[in-house]
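Take a look at the structure below.
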Amino acid sequence: MELSKTSKYPTVDLSGLKTQSIHDRASKVDVRDFAVPFRKDSRFSDFLESLPDILAGKMLRTVVDRVVSAHGRRRAVVVTMGAHVIKCGLSPILADLMRRGVITALAMNGAGAIHDSEIARFGRTSEDVADGMRTGMFGMAEETAEFLNTVAVAAARDGLGYGEALGKTLLETKATNATVSLLATAYECRIPLTVHVSIGCDIVHMHPSADGAAIGEASLRDFRILTEAMRELGNGGVLINFGSAVVLPEVILKAITTLVNLGCDLSGMLGVNVDFVQHYRSNQQVVSRVKEIGGEGISLTGHHEIMIPLIAAGVIEKL
C-alpha cells in the first residue's frame, strides 16, 4: 500500500504571524553581563567582579555589598545557622567575621551548640550515627552531656541565655580550642549568640542529667535576646540563614512577628537563605516573609564550605 506524501491533517496558517526586530525585543541576557576570565595575580575582589552579572553571580555580589553597607551604617547583620556549618569546618570564618564586628548576632540550634562545645573542648565532633544506633551508644558521650546539661542549669539559675552561659564557661575553663569556638568567640566579643533548643532533638536530652525546665528557660531567654538583636535589621540590615531548614526559620518568623507587633519597622532589610538544597520553610520564612514586610529576599544555592568563605572573603576585601 502506497502512503500519501501529504498529511491528511490541516496545518496552521502562519502568513499573518506578527514579528518584531530583536532591537525592539526585551532581552534578559546581555553580553555586557558576561563573565570575565580570571587573570593571574588578580585580587579576590577582581574574581568577584569577574562573575557574570546574571542570576547567582549577581546575587552573590548583592549579598556581599549589602553586608558591607549594613556594617558601615551600623545596621544589624544577623546570622542563623544549622549545625552542619560547624561540621563543614567553617567556624573560623564566622568567628573572624564576629571579631571584625561584621556579624552582630548569631543563632544556632541545639546540635550546633553540641558540635561547637565538643570542638572547643576536645577538638573533635560528629559520630557515626548508624554504628552508634546498632550498639545503642549513639549520643552517649558522658563529657558532652555533663557539660551542656550542667551549663543549662547554671544559665537558668543565673538568668543567662544558654549560648551566653556556654561561651562564658568555655572561656572560664580555658577550652583548648576556644579560638575556633563560635560560642566562646561571641562571648569574648560581646556579641549575642543564642541557642534554640527543640526538646528531645539533641543527644544530651537522652541523659538523666538533662533538666527540661532549665534547658527550656535558658533557650526561651535566648529567643528574647535574639528578637532584641534583630531590632536593627530594618533600613538596610541583613539576615542570613546558613543551612537551617526548619528550626531557625521558624524562630525567625516568630521573632519578626514579635518585633512588628511591638511597632518595629523592619522594611528595607535583606533576608538571605543559603543552603545546598533549597527547602520550603527556610525560603518561606527567610525570603518570602521578609518581602511581605517591605524587605528583599535572596536564595543562594551551594555547599556551605564554598559559599560561606566566598561571601566572607568578598566582605573582608570591601571593608
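Rule-based calculations on the coordinates, nothing more; no lab input. What you see is a predicted model, and the numbers here were worked out from it, not measured in a lab. Cβ atoms come from the backbone with ideal geometry, glycine included; neighbour counts cover every protein chain shown.
State whether region 246-302 is rounded, prolate or oblate according to the following rule on the C-alpha gyration tensor (a ≥ b ≥ c being the square roots of its eigenvalues): a/c under 1.5 gives rounded; otherwise a/b larger than b/c gives prolate, and the remaining case gives oblate. Please list the in-between numbers first.
On the way: a/c = 3.00, a/b = 1.64, b/c = 1.83.
Here region 246-302 falls in the oblate category.
Taking N as the number of residues in region 44-131, what is its Cα Rg relative to 2.2 N^0.38 Å?
Details: Rg = 16.2 Å, N = 88, 2.2 N^0.38 = 12.1 Å.
For region 44-131, the normalised Cα radius of gyration is 1.34.
How high is the FRET efficiency between residue 267 and residue 21 when r is their beta carbon distance and R₀ equals 45 Å, given to the nearest 0.05? Walk me through the numbers before you get to the answer.
Details: r = 41 Å, r/R0 = 0.91.
According to the calculation, E is roughly 0.65.
Highest first, please rank the peptides 22-30, 237-245 by the mean number of other Cβ atoms sitting within 10 Å of their residues.
Working: 22-30: 7.2, 237-245: 25.2.
Result, highest mean Cβ count within 10 Å first: 237-245, 22-30.
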For region 149-247, the percent of all C-alpha pairs falling in each 10 Å bin, from 0 up to the bin holding the max distance, is 15, 42, 35, 7, 1
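Eigenvalues of the Cα gyration tensor times 5, then square-rooted: what semi-axes does that give for region 47-318, in whole angstrom, largest first? Don't jump to the answer; show the numbers that get you there.
Working: eigenvalues 181, 83, 62 Å².
Listed largest to smallest, the semi-axes of region 47-318 are 30, 20, 18 Å.
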Exposed GluC sites (Glu not before Pro) absent - longest run of the chain, DSSP non-H/G/I/E/B, at most 16 other C-beta within 10 Å:
128-319
Given labels modelled 7 Å from the Cα in the Cβ direction, how far is it in nm from residue 133 to residue 38?
3.9
Taking a label point 7 Å from the Cα of residue 246 along Cα-to-Cβ, the residues of region 77-121 whose backbone nitrogen sits under 18 Å from it are 81-85, 108-113
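Greater than 27 Å separation of Cα atoms is the criterion. Which listed pairs, 18/58; 58/318; 87/174; 87/168; 168/318, meet it?
The pairs that break the limit, which is 27 Å between Cα atoms, are 18/58; 168/318.
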Shape verdict for region 195-316, please, from the Cα gyration tensor: rounded (a/c under 1.5), prolate (a/b greater than b/c) or oblate.
oblate
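Residue 313 to residue 228: extension gain in nm, 0.36 nm per residue of separation minus the Cα-Cα distance?
Working: separation 85, 0.36 × 85 = 30.60 nm, distance 2.82 nm.
Taking 0.36 nm per residue and subtracting the Cα distance, the gain is 27.8 nm.
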Using Cα pairs closer than 8 Å and at least 6 residues apart in sequence, work out the relative contact order for the chain, in percent.
21
